[in-house]
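For reference, the structure discussed in these notes is given below.
Rule-based calculations on the coordinates, nothing more; no lab input. Treat the numbers as computed from the prediction; the structure is a model and nothing was measured. With ideal geometry, Cβ positions are generated from the backbone for all residues, glycine too; neighbour counts draw on all protein chains shown.
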Amino acid sequence: MFEKRIGELRKLMTEKGMDAVLLVGDCNRNYLSGFTGNESFSVITNDKAFFITDSRFTEQARQQVKDYEVVQYNKGTSFHDFLGELVKNNNIKKLGFEEDIISVATYNIYKSKVQCELVPMEGMVEKIRLVKDESELQLIKKAAEIADKAFDHMLKFIKVGMTEREIGLELEFYMKKLGASDLSFPSIVASGVRSSLPHGEATEKVVNKGEFLTLDYGCIYKGYCSDMTRTIVIGEPSEKMIEVYNVVLEAQERALKAYKPEVPAIEVDGVARGYITEKGYGDYFGHSLGHGVGRQIHEAPVVGYRNAQKLKSGMVVTDEPGIYIPGFGGVRIEDLLVITESGSEVLSKSTKKLICID
């Protein structure tokens, strides 16, 4: 599996005339190696792969990383000096680096220590990560399953008078109890007028009857994320609340049918956005319809009104339209799905019917 991924990277390296690439970010490095730790580096050339770490992670690396030469460097030695020697000894003339991860200060140190041309990778590994293989899909499906089970649990747990923070903490605890290693992102728990905040993290606000409660959350399972949003009502909804909810639900389900391979992302976004606009709420839907999910909670492709990139089978994306009305509240409904050869498979199984909790 990792050998295949490295092979794909080497093809891109050849196209760009790179002799090697340096990976310092946990996400890309671990994707190409299987390592689950941090504070390590990898250098991949056209015929070799070096995994560089210190004594804290050497044993772990030797157990987990099979397609690399594991090299331990002395903590008394600067990694930059070590890298300079490795570049020299392997006759590397053109070295790719992750320009969106390495700071300007670190880049300047590299320039002074590494005697070769430094070239931005421009998302080379991210391009490989766009389409998930079967092993990745199984882990994402498990993460989505945990999120679904957590929603069922929360429907029994949530009561009038609880704070958003209490709800968020229980949500986190329950997903970790089911095997999640962490949250995909800080859970969004927003009630009442705060539900008009697309990223309203939990506060000490008490949930009351007659309010929306939006739960947007996910978990990490063995390095892969899930993402799901459901909006429920505490008590009885008003006619306006029902109307807004139904508009979002219809937009979300129309978009689901549009998720197919070779369809430009902008077209899928337009299906949901067009319907919401038609119903008079276009000004209250400002964000993109969706985004890629994998080792990171937000990754390519962006399913939005500025991205003409075509969807491919194996991409994992979200479908999450919303309406956010200041002073009133908001609704977002989000499913996680994988693009298939003929359409899409929805990974989020939780009901989307309007649920009211007494």
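Taking amide H atoms as placed 1.01 Å from N in the peptide plane, the amide H of LYS94 lies under 5 Å from those of ASP19, ALA20, GLU117, each 5 or more residues away in sequence or on another chain.
Each label point was placed 7 Å from the Cα along the Cα-to-Cβ direction; for PHE82 and HIS298 their separation is 3.3 nm. Which entries in the list LYS48/LYS260; LYS127/LYS177; LYS177/LYS349 go over 27 Å, if you measure between the two C-alpha atoms of each? In this structure, LYS48/LYS260; LYS127/LYS177 exceed 27 Å between Cα atoms. For VAL119 and LYS279, the difference between the fully extended length at 0.36 nm per residue and the C-alpha to C-alpha distance is 52.7 nm.
Legend: calculated FRET efficiency, ASP67 to GLU15, from the Cβ-Cβ distance at R0 = 22 Å, rounded to 0.05, equals 0.55.
Subtracting the Cα-Cα distance of LYS111 and PHE173 from their residue separation scaled by 0.36 nm leaves 17.8 nm.
An oblate overall shape is assigned to the range 134-357, the ratio a/c of its alpha-carbon gyration tensor axes (a ≥ b ≥ c) being 1.5 or greater and a/b not exceeding b/c.
Annotation: for a label point projected 7 angstrom from Cα along Cα→Cβ of LYS352, residues of the range 295-319 with backbone N closer than 15 Å are 317-319.
Using the average count of surrounding beta-carbon atoms within 10 Å as a protection proxy, the listed peptides 199-205, 187-193, 125-131 rank, highest first, as 187-193, 125-131, 199-205. For the range 5-164, the relative contact order comes to 20 percent (Cα pairs under 8 Å, sequence separation of at least 6).
Model label points for THR36 and HIS199, set 7 angstrom from Cα along the Cα-to-Cβ axis, are 2.9 nm apart. Spin-label pair GLU250-ILE101: with each label point 7 Å from Cα along the Cα-Cβ axis, the two points sit 4.6 nm from one another.
In terms of the Cα gyration tensor, with a ≥ b ≥ c the square roots of its eigenvalues, is the range 1-94 rounded because a/c is under 1.5, prolate because a/b exceeds b/c, or oblate? Note, shape of the range 1-94 comes out oblate. Give me the distance between the Cα centres of the range 244-322 and the range 49-119, rounded to whole Å. Distance between centres, Cα-based: 39 Å. When each of the peptides 235-241, 311-317 is scored by how many other beta carbons lie within 10 Å of its residues on average, the order from highest to lowest is 311-317, 235-241. When you count the other C-beta atoms within 10 angstrom of each residue and take the mean per peptide, 278-285, 45-52 line up highest first as 45-52, 278-285.
Derived scalar couplings between HN and Hα for the range 20-34 equal 6, 10, 10, 10, 10, x, 4, 5, 5, 4, 6, 4, 8, 10, x Hz in order, rounded to whole Hz, by the Karplus curve 6.51 cos²θ - 1.76 cosθ + 1.60 (θ = phi - 60°), x for Gly and Pro.
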